[in-house]
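Contents: one structure, followed by commentary.
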């Protein structure tokens, strides 16, 4: 098809340009949503008592590094990380439910299945190199 005299583009080229504009708008919307989720998670972490905050900050750093495809968001007021809008893992502050320890939890969206029985949450009492390695491994496997 010959190019339009006014624009210099064919109908197919104009259609491709419009499609790319729609893609860019969708990408910008996704970026804004992710930034909003990140802000919300960091605000929730900042509200935590020091002991929980220190653990939550480390969990956030590990998830951000080990599973960058998981989008930060809040879930029941807790920092969480989702794939396609569905929570995969979350951090539960000990103070939130007056529990003895903070928890790193995984939903049924996590890809941690191992036979007929596997854990879906882990108590976090302190952060060590061994804990970081274990959390990194769990998050990588969960994000699949």
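Once C-alpha pairs closer than 8 Å and six or more residues apart are averaged by separation and normalised to the residue number of the chain, the relative contact order reads 18 percent. Here r is the Cβ-Cβ distance between residue 98 and residue 141 and R0 is 35 Å; the resulting FRET efficiency, rounded to 0.05, is 0.70.
By the compact-protein rule of thumb, 2.2 N^0.38 Å, the alpha-carbon radius of gyration of segment 65-120 corresponds to a ratio of 1.20.
Angle of helix 11-47 to the longest C-alpha principal axis of the chain, folded into 0 to 90 degrees and rounded to 10: 20°. Based on the convex hull around the alpha carbon atoms, the chain presents an average projected area of 12.4 nm². Comparing 11, 84, 113 in a Gaussian network model of the chain (Cα springs below 10 Å), the most mobile by mean-square fluctuation is 11. Comparing 13, 57, 126 in a Gaussian network model of the chain where C-alpha atoms under 10 Å apart are linked, the largest mean-square fluctuation is found at 13.
Taking the helices alone, the chain has a mean residue ellipticity at 222 nm of -17000 deg cm²/dmol, built from -39,500 (n - 2.57) per DSSP H run of at least 4 residues and averaged over all its residues. The angle between the Cα long axis of helix 50-66 and the main principal axis of the chain comes to about 40°, on a 0 to 90 degree scale.
What full-extension length gain, to one decimal in nm, is calculated for residue 69 and residue 134 as 0.36 nm per residue of separation minus the Cα-Cα distance?
21.5 nm
For the residues 115, 105, 37, a GNM of the chain with alpha-carbon springs under 10 Å puts the largest fluctuation on 115.
Can you tell me the orientation of helix 129-143 relative to the chain, as the angle in degrees between its alpha-carbon axis and the longest Cα principal axis, to the nearest 10? Value to nearest ten degrees: 40. Extension gain, residue 19 to residue 42: 0.36 nm times the residue separation minus the Cα-Cα distance gives 4.8 nm.
Where a number appears in this text, it was derived from the coordinates with a stated rule and is not lab data. These figures come from a predicted structure and were not determined experimentally. Every residue, glycine as well, gets a Cβ built from its backbone with ideal geometry; the counts of neighbours run over all protein chains shown.
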